[in-house]
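All remarks here apply to the structure that follows.
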């Protein structure tokens, strides 16, 4: 079984205090993350994924029309999913990312999530996307075909340049831009939503759950 939560990109990370300028934008993300944690869509379970934490969240903090690969965002730190609640100490700012090089430059008190490359690709694809939520939702994932969810290929693994590219391909070949939701076939239980605000991205998930 592939181990969850292992960072697969080359990371240039600066250990630093979380920037005060990004703190105001983080509050809504912390609240949404609390909702996801309460539903076990983010968390840790000894019986799943080898007992390693799962799920991650992010919010754009850089200018929406900045050059691709430099659209800064705040993302939850790797292996922070076990926490019932998080603070700014559990997040990193991703400043740059390059899919071709499989490289991420970040700073903050935590190292960025292993799925940061996919988050970055979504922010590159559509400047209006403000929030990305990556959860592990077994019931939804199992029904992905019945729900006709856009889905990345089974042979594409999480946290890789291939996953970032497969995400881009969904926008070219499916209605994912309208659905704002897709499944990762090769990443067990992986479901991703996104939106123009934190509430927007969260409501996409909750509408499927209702």
Checklist entry - Remind me, relative contact order of the chain in percent, using alpha carbon pairs under 8 angstrom and six or more residues apart? => result 21
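For segment 10-209, what is Rg from Cα atoms divided by 2.2 N^0.38 Å, rounded to two decimals?
Taking the Cα Rg and dividing by 2.2 N^0.38 Å, one obtains 0.92.
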Checklist entry - PRE reach from residue 209 (point 7 Å along Cα→Cβ): which of segment 110-152 fall under 14 Å by backbone N? => result 133-141
Checklist entry - Under a plain spin-label model, where a point goes 7 Å from the Cα along Cα-to-Cβ, how far apart in nm are residue 169 and residue 27? => result 4.2
Checklist entry - Full extension from residue 68 to residue 157: what is 0.36 nm times the residue separation minus their Cα-Cα distance, to one decimal in nm? => result 29.7 nm
Checklist entry - If you rank 140, 131 by fewest surrounding Cβ atoms within 10 Å, what's the result? => result 140, 131
Checklist entry - For the chain, what is the mean residue ellipticity at 222 nm derived from helices alone (per DSSP H run of n ≥ 4: -39500 (n - 2.57); sum divided by total residues; nearest 500 deg cm²/dmol)? => result -8500 deg cm²/dmol
Item to check | Simple spin-label estimate for residue 139 and residue 17 in nanometres, 7 Å along Cα-Cβ | outcome: 4.4
Checklist entry - Distance in nm between label sites at residue 82 and residue 38, each 7 Å beyond Cα in the beta-carbon direction? => result 2.4
Next on the checklist: Taking the beta-carbon count within 10 Å as an exposure proxy, list 49, 158 from fewest neighbours to most.
Outcome noted: 49, 158
Checklist entry - Arranged by the count of other C-beta atoms within 10 angstrom, fewest first, what order do 173, 118 take? => result 173, 118
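Every read-out reported here was derived from the displayed coordinates using simple, explicitly stated rules and does not represent laboratory data. Just so it is clear, the model here is predicted, and its values are computed rather than measured. Counting neighbours? That spans all protein chains shown, and the Cβs are built from the backbone with ideal geometry, glycine included.
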